[in-house]
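The values are calculated or read from the model by the stated rules, or taken from the named source; none is laboratory data. Values in this document were obtained by computation on a predicted structure and should not be read as measured data. Cβ sites come from the backbone with ideal geometry, for glycine too, and all protein chains shown count toward neighbours.
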Amino acid sequence: MAVKTLTIDGTLLSAREEQTVLQAARDAGIAIPTLCQLDGLSTVGACRMCLVDIEGTGRLLPACTTRVAEGMVIHTKTERLQSYRRMIVELLFAERNHICAVCVANGACELQDLAIEVGMDHVRFDYLHPECSVDISHKRFGLDHNRCVLCTRCVRACDEVEGAHTWDVAGRGTAARVITDMAQPWGTSETCTSCGKCVQACPTGALFIKGMTVAESRKDRSEIGFLVTAREKKQWVV
Amino acid sequence: MGRLKFATVWLGGCSGCHMSFLDLDEFLFDLAARADVVYSPVGSDIKEYPEGVDVCLIEGAVNNDENLEAAKTVRDRTRLVVSFGDCAVSGNVTALRNTIPDGARMVASRSYLEQADLNPMIPQAEGIVPTLLPLALPVHAVIPVDVYIPGCPPPADRIKAVVQQILEHGTAHLEGRQLKMG
Ligand code: SF4
Ligand code: SF4
Ligand code: FES
């Protein structure tokens with residue numbers, strides 16, 4: 001096991017060579033905001049919340065997909081990064097219809113928490129107000145596209161942990177939507193096992209358990225990491 | 001600072017933010033000792049928004065032409081404009097109709113035609129019944145806003161924090177969990 005030494009926010013630390021900058025930072029107690037990353041799933045670098053400034057690279061890189069390297073000097077809290085993070089969160093709010101007051105996830109939502117963390121007191125961009133559908137054709141679960149941030153955590157949880165690959169993303173840009181099977185109602189999906197891993201993985205109110213109303217959704221997002229650790233390391237620990 | 005000229009208005013909102021304001025309970029006495037309520041649907045009976053207001057809390061989204069005029073008047077005559085509650089800050093529930101194509105017409109026809117038991121008709125009276133704008137907008141989309149109080153409604157302690165900061169420093173800025181929407 002090779003070890004690399006690097007500096008994050010002025011702290012000199014060592015990390016295993018297979019670790020990402022995000023893991024190294026977390027081990028050292030340095031918090032970097034994330035959204036599309038979820039322990040137990042592969043990383044895709046989709047949301048850009050975790051961007052960090054690595055000296056000498058000339059560009060900002062996502063901490064969740066960047067491997068540590070010897071001598072790296074990393075800044076995670078520069079003014080520029082903080083202003084970009086707030087901008088990213090504002091754009092997510094502007095892109096779909098997030099009305100926390102009437103959302104199933106109100107009070108237990110990673111997007112809402114990120115808005116608080118980045119100090120978002122209002123959204124400076126024009127809201128797009130897209131027309132979004134809600135799919136409640138599944139017996140147990142619902143999908144509300146109004147609240148989806150396209151993190152693809154559901155897609156990866158379903159594919160990598162459950163092995164069903166019911167979920168995918170169709171379309172491009174602001175027209176992109178998560179879909180089940182061949183873009184058909186979830187309730188008619190032949191691959192869905194109704195395990196609910198996608199629901200637990202979802203950071204927002206986009207995937208929910210039917211029958212829950214405003215502010216009732218409380219998910220256990222560590223369940224995915226727990227399952228993967230149990231499977232790979234035979235350790236039943238959170 | 002002398003006595004604060006304090007105002008509140010409500011635009012396209014449900015009055016919940018004002019009800020939460022009344023939840024300030026005994027702090028209202030402290031406020032009354034240091035401020036004159038020069039305009040407010042819950043604190044005065046003055047019909048015309050006055051000149052030279054120090055602080056105005058605006059509840060509600062800008063939903064119709066009357067709201068738009070009111071917002072502009074407030075801005076012209078007020079030093080510190082505060083977006084008060086989620087509808088003012090983001091459009092919130094008032095702006096749900098924005099996702100429906102031709103939403104202004106659709107919601108009016110749903111409420112006054114389809115749901116009517118007697119005399120279905122869309123109320124129209126020039127200069128009396130305001131006309132819906134094509135989109136319900138957050139206040140900062142139509143006038144510059146100085147301070148934001150998220151929340152649906154904002155809890156009383158959050159309103160109190162803002163009012164206290166204004167009394168002490170002339171302006172306010174919320175942080176942390178005090179920014180939680182919904
Ligand atoms: S998904 Fe989260 S941010 Fe979006 S409306 Fe629901 S609680 Fe608010
Ligand atoms: S449904 Fe949830 S988990 Fe899936 S992409 Fe949307 S926000 Fe992410
Ligand atoms: S958490 Fe790293 S890009 Fe989303």
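The table for this structure:
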item: Some residue of the stretch A:187-199 being touching an Asp or Glu at 6+ places or on another chain (Cβ under 9 Å), among the polar types (S, T, N, Q) and closer than 19 Å to A:GLN37 by Cα; result: no
item: Scan of the stretch A:76-96 for residues that are surrounded by fewer than 16 Cβ atoms within 10 Å (Cβ to Cβ) and within 21 Å of A:THR5 (Cα to Cα), ordered by number; result: A:LYS77
item: Residue count, the stretch A:97-112 (criterion: surrounded by fewer than 17 Cβ atoms within 10 Å (Cβ to Cβ) and free of Cβ contacts under 8 Å to residues at least 24 places away in the same chain); result: 0
item: Any chance B:PRO138 is in contact with a Cys (Cβ under 6 Å, 6 or more places away or on another chain), within 13 Å of chain A (Cβ to nearest Cβ), surrounded by 22 or more Cβ atoms within 10 Å (Cβ to Cβ) and closer than 16 Å to B:VAL82 by Cβ; result: no
item: Some residue of the stretch A:77-96 being in contact (Cβ under 8 Å) with a residue 40 or more places away in the chain, within 16 Å of ligand 1 (Cβ to nearest atom), assigned to a loop (DSSP other than H, G, I, E, B) and not assigned by TED's automatic domain parsing to the domain that holds A:THR20; result: yes
item: Residue satisfying condition, being within 27 Å of A:ARG124 (Cβ to Cβ) and crowded, with 24+ Cβ neighbours inside 10 Å, within set B:ASN67, B:ASN63; result: B:ASN67
item: Criterion (in contact (Cβ under 8 Å) with a residue 60 or more places away in the chain and closer than 29 Å to B:PRO138 by Cα) met by exactly one of A:CYS132, A:CYS151; result: A:CYS151
item: Unique match (being within 16 Å of ligand 2 (Cβ to nearest atom) and either at pLDDT below 95 or of a type outside the set (Phe, Trp, Tyr) (or both)) among A:GLU95, A:GLU90, A:GLU70; result: A:GLU95
item: Subset of the stretch A:134-155 [within 16 Å of ligand 1 (Cβ to nearest atom) and exposed (fewer than 15 other Cβ atoms within 10 Å of the Cβ)]; result: A:VAL134
item: Elements of type strands (runs of 3 or more DSSP E) in the stretch B:1-89, at least 1 residues being at pLDDT 95 or above, among the charged types (D, E, K, R) and under 15 Å from B:PRO153 (Cβ atoms); result: B:53-59
item: Selected residue [out of contact with any helix residue (DSSP H, G or I) (no Cβ under 8 Å at 6 or more places or on another chain), surrounded by 17 or more Cβ atoms within 10 Å (Cβ to Cβ) and away from every other protein chain (no Cβ under 12 Å)] from B:ILE166, B:ILE159; result: B:ILE166
item: A:TYR127, sole failed condition from (1) surrounded by fewer than 17 Cβ atoms within 10 Å (Cβ to Cβ); (2) of a type in the set (Phe, Trp, Tyr); (3) away from ligand 3 (no atom under 16 Å from the Cβ); result: (1)
item: Residues of the stretch A:100-122 that turn out to be of a type in the set (A, V, I, L, M, F, W, C), part of a loop (DSSP other than H, G, I, E, B) and at the interface with chain B (Cβ under 7 Å from one of its Cβ atoms), as a count; result: 2
item: Residues satisfying the stated conditions in the stretch B:15-56, i.e. within 11 Å of the chain's Cα centre (by Cα) and either without any contact (Cβ under 8 Å) to a residue 40 or more places away in the chain or within 12 Å of B:LYS5 (Cα to Cα) (or both); result: B:SER40, B:PRO41, B:CYS56
item: Near pairs, Cβ below 8 angstrom, 6+ apart or cross-chain, from the stretch A:202-219 (on the phi > 0 side of the Ramachandran plot and within 14 Å of chain B (Cβ to nearest Cβ)) to any residue that is near ligand 1 (Cβ under 10 Å from one of its atoms) and at pLDDT 95 or above; result: A:ALA215/A:CYS103; A:ALA215/A:VAL104; A:ALA215/A:ALA105; A:ALA215/A:ASN106; A:ALA215/A:GLY107; A:ALA215/A:ALA108; A:ALA215/B:GLY182
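The rows are residues; the columns are (1) in contact (Cβ under 8 Å) with a residue 40 or more places away in the chain; (2) closer than 30 Å to A:VAL169 by Cβ; (3) outside any loop (DSSP other than H, G, I, E, B); (4) acidic (Asp, Glu).
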site	(1), (2), (3), (4)
A:ALA15	yes, no, yes, no
A:GLY29	no, no, no, no
A:GLN37	no, yes, no, no
A:ALA46	yes, yes, no, no
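Residue by residue, here is whether (1) more than 14 Å from ligand 2 (Cβ to nearest atom); (2) more than 21 Å from A:ALA230 (Cβ to Cβ); (3) within 14 Å of another protein chain (Cβ to nearest Cβ) holds:
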position: A:CYS151; (1), (2), (3): no, yes, no
position: A:GLY163; (1), (2), (3): yes, no, no
position: A:ASP168; (1), (2), (3): no, yes, no
position: A:GLY171; (1), (2), (3): no, yes, no
position: A:ALA175; (1), (2), (3): yes, yes, no
position: A:PRO185; (1), (2), (3): yes, yes, no
position: A:LYS197; (1), (2), (3): no, no, no
